[in-house]
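Participant: Structure incoming, see below.
The values are calculated or read from the model by the stated rules, or taken from the named source; none is laboratory data. Just so we're clear, the structure is a prediction, and the values are computed from it rather than from any experiment. Cβ placement follows ideal geometry from the backbone for every residue including glycine, while neighbour counts extend to all protein chains displayed.
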Amino acid sequence: MSKIVILGAGISGHVAASHLRRKLDKTHEVVVVSPNSNYQWIPSNIWVGIGRMKSKEILFPLAPLYKKKGIGFKQAKVTSFYPEGDNETEKPFVVAEYVSTEKRGETERITYDYLINATGPKLNFEATEGLNPGTNKAYSVCTYTHADHANEGLRALIAEMKKGNEAKIVIGTGHAKATCQGAAFEYILNVEQELRRQKVRDKAKITWISNEYELGDFGMDGMLLSYGSNIMKSHEMVEMVFEDRGIDWILGAGVNKIEDGLAHYETLNGEHKTIDYDFAMLIPSFSGHGFKAFDKNNNDITDKLFKGFMIVDADYTPKPYEDWTVQDWPETYQNPSYKNIFAPGIAFAPPHSISKPRKSPNGTEIFPSPPRTGMPSGITAKLVADNIIDSIKNKKESLHHKGSMGNMGAACIASAGFGMTKGSGVSITTFPIVPDYKKYPDTMGRKLGKTFGEIGLAGHWLKLMLHYAFIYKAKMKPFWYLIPE
Amino acid sequence: MTKRISKFKRFVMMNPIIQFFKFIFLSLKVLLIVAGGHGSTREVHK
Ligand SMILES: Cc1cc2nc3c(=O)[nH]c(=O)nc-3n(C[C@H](O)[C@H](O)[C@H](O)COP(=O)(O)OP(=O)(O)OC[C@H]3O[C@@H](n4cnc5c(N)ncnc54)[C@H](O)[C@@H]3O)c2cc1C
């Protein structure tokens with residue numbers, strides 16, 4: 001009998017738990033440890049943040065589902081890792097602190113045979129002074145509660161605009177090294193469309209602020225894509241959309257301080273500037289959770305497990321940007337020191353940046369960190385689950401399932417406005433996610449045809465269909481497993 | 001606001017009938033890219 005403990009019930013943790021439970025018989029224990037009582041389909045927070053969806057439409061409680069499916073659930077947050085056990089507990093374990101109302105503050109040692117760390121990112125608002133969702137007129141849409149606040153803020157602003165007042169809106173990244181530009185891109189287009197729907201668009205000046213060097217970088221160094229019969233760069237496509245929607249942009253901006261209605265930022269040429277606003281949505285930087293790890297003698301071995309995020313089978317040798325290769329990226333998401341620990345999704349430490357690193361003359365690094373979107377998070381979680389299942393069934397380590405982000409496609413269906421007839425979407429697919437400049441030297445590291453863009457109503461329908469399909473899948477309804485990650 | 005999308009292009013982007021076929025095409029294309037698989041890069045380049 002094996003016990004598999006999964007930390008986190010986001011996209012990757014939940015995918016891993018559901019596949020493990022389906023494929024392993026009940027003599028094996030599957031336990032999820034996560035502080036959230038609800039599962040949330042994060043991509044639809046964009047629509048919650050403009051009031052076109054209620055947060056209850058994008059979430060459901062985890063405990064009843066896990067009970068029904070025979071998955072153990074502890075509503076707790078992990079604080080430390082003991083991958084060798086200690087002198088009290090022989091087996092490896094993690095220490096978790098309960099956050100549920102009944103057991104709040106209690107700690108427990110949770111032992112495991114296999115551990116999947118799917119804790120995603122810490123939303124590191126503290127890294128930007130004054131950036132705290134819902135204060136200083138700055139919001140976030142990273143969780144459903146944040147998105148609810150953002151919607152309240154936006155409603156209040158629209159009410160002011162309806163009275164004839166003009167407004168300045170700033171949307172983008174709230175830190176020099178933030179990632180997840182895609183989410184901010186979706187939000188700015190949805191806000192713009194919502195203002196048109198509310199007939200107040202002429203009252204608003206909307207500005208995109210981002211740490212990207214060029215528009216459409218998305219932390220992936222941009223891309224060359226086929227668009228209809230044309231081939232264009234992602235910055236040209238985004239520029240076309242922004243100009244068409246009357247959205248201004250500020251690039252190479254490392255936001256470092258937020259005051260009431262005022263964002264301070266440093267530019268790539270070293271200038272310190274400010275922009276004032278009446279409503280802002282700024283994505284914070286993502287960081288590791290600051291977990292600690294100890295060996296069996298209680299010596300600190302955090303460095304063996306974490307490099308901010310969790311260390312996996314990547315090549316972390318420091319080297320210049322020009323020298324990195326796609327082979328540096330992990331394939332099994334296994335920790336090299338402790339072979340029974342894995343980290344899919346956002347929880348693993350990327351070997352290097354995908355976007356070209358850039359510094360201001362003051363030494364401030366201003367460029368996007370590498371993103372890991374929902375699709376790779378799900379795919380990497382499933383392959384980790386499959387390797388664990390094989391290892392358990394074959395009674396020896398099996399790592400046949402591999403999935404490097406350098407040999408994996410992703411679809412980013414970015415909502416550009418909500419509505420069955422008036423909605424829009426910018427659908428972008430990339431293959432591979434991490435560019436392989438050796439394999440595709442003439443097309444910026446990506447395969448054209450599999451890397452393409454489309455703009456239009458169909459994109460909105462697709463995004464909406466994915467919303468329903470993935471919530472169906474997450475609820476583990478009949479044949480859920482036929483829906484791909 | 002600078003008009004960067006022509007009237008015709010906008011019509012194509014927002015016409016429900018054209019977009020219905022685009023939707024089917026996009027869904028299949030996305031499915032193929034995802035279901036098209038993933039794997040190692042290290043073995044390929046050995
Ligand atoms: C607004 C927004 C829109 C997005 N839109 C898209 C999109 O359209 N398409 C797309 O592909 N991707 C999108 N993404 C990205 C996508 O949501 C992420 O890639 C995905 O959620 C990552 O999954 P994950 O499981 O690694 O992390 P998460 O989903 O963040 O899950 C982490 C889990 O770990 C738990 N956890 C945290 N700390 C602890 C702890 N100490 N102990 C135990 N558990 C812990 C959390 O509660 C959570 O359950 C979007 C992201 C945002 C913010």
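Participant: Quick check on A:ILE366: is it closer than 28 Å to A:VAL191 by Cα, out of contact with any His (no Cβ under 8 Å at 6 or more places or on another chain), away from the ligand (no atom under 11 Å from the Cβ) and more than 10 Å from chain B (Cβ to nearest Cβ)?
Facilitator: yes
Participant: Out of the strands (runs of 3 or more DSSP E) lying entirely within the stretch A:264-360, which hold 1 or more residues that are surrounded by fewer than 20 Cβ atoms within 10 Å (Cβ to Cβ)? Steps first, answer last, please.
Facilitator: Details: elements: A:272-276, A:279-283, A:285-287.
In the stretch A:264-360, the matching strands (runs of 3 or more DSSP E) lie at A:272-276, A:285-287.
Participant: For the stretch B:4-46, which positions are among the charged types (D, E, K, R), at the interface with chain A (Cβ under 7 Å from one of its Cβ atoms) and exposed (fewer than 15 other Cβ atoms within 10 Å of the Cβ)?
Facilitator: B:ARG4 - this is the single residue of the stretch B:4-46 that is among the charged types (D, E, K, R), at the interface with chain A (Cβ under 7 Å from one of its Cβ atoms) and exposed (fewer than 15 other Cβ atoms within 10 Å of the Cβ).
Participant: Considering only the stretch A:420-431, I want to know if a residue exists there that is away from the ligand (no atom under 12 Å from the Cβ) and among the small types (Gly, Ala, Ser).
Facilitator: From the stretch A:420-431, those away from the ligand (no atom under 12 Å from the Cβ) are A:420-424, A:431; that's our starting set.
The next check asks that each one be among the small types (Gly, Ala, Ser); those that pass are A:423-424.
Checked the stretch A:420-431: at least one residue is away from the ligand (no atom under 12 Å from the Cβ) and among the small types (Gly, Ala, Ser).
Participant: Still on this structure, please answer the following. For the stretch A:388-409, check the following and say yes or no: at least one residue is part of a helix (DSSP H, G or I) and within 15 Å of the ligand (Cβ to nearest atom).
Facilitator: yes
Participant: Between a first residue in the stretch B:15-31 that is part of a helix (DSSP H, G or I) and a second residue that is among the polar types (S, T, N, Q) and crowded, with 20+ Cβ neighbours inside 10 Å, which pairs have beta carbons less than 6 Å apart while being 6 or more apart in sequence or on different chains?
Facilitator: B:LEU26/A:SER427
Participant: Of the conditions (1) away from every other protein chain (no Cβ under 14 Å); (2) touching a Ser or Thr at 6+ places or on another chain (Cβ under 7 Å); (3) not in a helix (DSSP H, G or I), A:GLU214 clears all except one; give me its number.
Facilitator: Evaluating A:GLU214 over (1) away from every other protein chain (no Cβ under 14 Å); (2) touching a Ser or Thr at 6+ places or on another chain (Cβ under 7 Å); (3) not in a helix (DSSP H, G or I) leaves (2) as the failure.
Participant: What residue, among those in the stretch A:214-257 that are of a type in the set (Val, Ile, Thr) and buried (at least 19 other Cβ atoms within 10 Å of the Cβ), is nearest to A:ILE188 (Cα to Cα)?
Facilitator: Among them, the one singled out is A:ILE247.
Participant: Which members of the stretch A:178-207 meet the condition of being in contact with an Asp or Glu (Cβ under 7 Å, 6 or more places away or on another chain) and within 16 Å of the ligand (Cβ to nearest atom)?
Facilitator: A:GLN181
Participant: So which of A:VAL32, A:VAL78, A:VAL15 ends up being out of contact with any strand residue (DSSP E or B) (no Cβ under 9 Å at 6 or more places or on another chain) and within 9 Å of the ligand (Cβ to nearest atom)?
Facilitator: Being out of contact with any strand residue (DSSP E or B) (no Cβ under 9 Å at 6 or more places or on another chain) and within 9 Å of the ligand (Cβ to nearest atom) holds for just one of A:VAL32, A:VAL78, A:VAL15, which is A:VAL15.
Participant: Which of the residues belonging to the stretch A:439-474 are part of a loop (DSSP other than H, G, I, E, B) and within 7 Å of another protein chain (Cβ to nearest Cβ)?
Facilitator: Of everything in the stretch A:439-474, just one residue is part of a loop (DSSP other than H, G, I, E, B) and within 7 Å of another protein chain (Cβ to nearest Cβ), namely A:LYS450.
Participant: Only one of these is of a type in the set (D, E, K, R) and either under 19 Å from the mean Cα position of the chain (by Cα) or modelled with pLDDT of 90 or more (or both): B:LYS3, B:LYS29. Name it.
Facilitator: B:LYS29
Participant: Which one of the conditions (1) more than 10 Å from chain B (Cβ to nearest Cβ); (2) over 24 Å from A:SER18 (Cβ atoms) does A:ILE389 fail to meet, given that it meets all the rest?
Facilitator: (2)
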